[in-house]
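Nothing in this text is a laboratory measurement; each read-out follows from the coordinates by a stated rule. Worth saying up front: this structure is predicted, and the values here are computed from it rather than measured. All Cβ positions, even for glycine, are placed from backbone atoms using ideal geometry, and neighbour counts span all protein chains on display.
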Amino acid sequence: MKALTVAAGFRGLKWNPFGKNYRQLPPEDFKKALRCVAAVKAATEGKAEILIECHGRFDVPIALRVCHALEEFSPYWVEEPVIPDTLRALADVRSRVRVPIACGERLYTTQQILDAIELRACDYLQPDSSHAGGLTGMKQIAALCDAHHIPFCAHNPSGPVANAVTLALGVSNWAWTDSTKGLFFKGFAFLFS
């Protein structure tokens with residue numbers, strides 16, 4: 001896996017180590033997830049960032065526990081650690097942890113993005129061109145991110161059309177693009193910047 005990501009030129013590896021757990025994370029699954037993160041961190045040998053995907057599945061106490069436990073691995077970000085029905089819960093988690101938080105793929109309007117920014121709900125914004133208004137919506141969101149010094153990280157699991165939109169943006173505050181780029185390896189998605 002490390003050889004595949006690094007040799008392909010990817011600078012980051014994003015995956016969900018938590019399985020299909022929802023709201024809660026049983027102790028054995030929690031330990032298994034941390035072992036998985038430790039193994040990937042060791043395998044990348046510092047040549048690629050690790051980015052942890054939570055799929056918006058946890059309640060606040062579990063999200064806090066997960067984020068605190070992940071601190072030792074210095075992830076580039078933890079994505080959507082709480083159920084995404086309230087930005088206030090996400091802002092609460094972000095204010096209480098030391099790992100960077102990413103969100104945005106489930107925010108569909110510039111107003112929702114602005115709400116996330118104003119609440120300081122995340123460190124990285126990941127709008128998805130398939131959900132957030134295509135090229136025009138993404139340019140508006142990138143401008144909001146730029147004005148508030150928040151890195152813009154396009155979320156794109158949707159394929160070549162969404163990838164073309166993402167690449168056509170040409171924004172100055174672009175930090176990462178989340179893309180499978182046709183590569184899957186046991187549930188891992190690869191990222192490039």
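So what does log10 I(q)/I(0) come out to for the stretch 99-165 at q = 0.25, 0.26 Å⁻¹, using the Debye formula with one equal point on every Cα and no solvent?
-1.05, -1.12
Are there trypsin sites (Lys or Arg not before Pro) in the stretch 97-149 that DSSP puts in a loop and that have at most 13 other Cβ atoms within 10 Å, and which ones?
98
Considering the chain, what Rg and Dmax in Å follow from its alpha-carbon atoms?
Considering the chain through its Cα atoms, Rg and Dmax are 15.8, 45 Å.
With only Lys, Arg, Asp and Glu charged, each at its Cβ (+1 for the first two, -1 for the last two), find how big the charge dipole of the chain is about the Cα centre; round to the nearest 20 debye.
Using Cβ point charges on Lys, Arg, Asp and Glu, the chain gives about 500 debye.
Run the numbers on the chain and let me know its relative contact order in percent, using alpha-carbon pairs under 8 Å that are six or more apart.
Normalised by residue count, the contact order of the chain is 19 percent.
Straight-line reach only, C-alpha to C-alpha below 19 angstrom: list the aspartates and glutamates that residue 14 could link to, leaving out same-chain residues fewer than 8 apart.
Once the sequence-local aspartates and glutamates are set aside, what remains near residue 14 is 29, 45, 49, 53, 71, 72, 79, 80, 105, 123, 128, 178.
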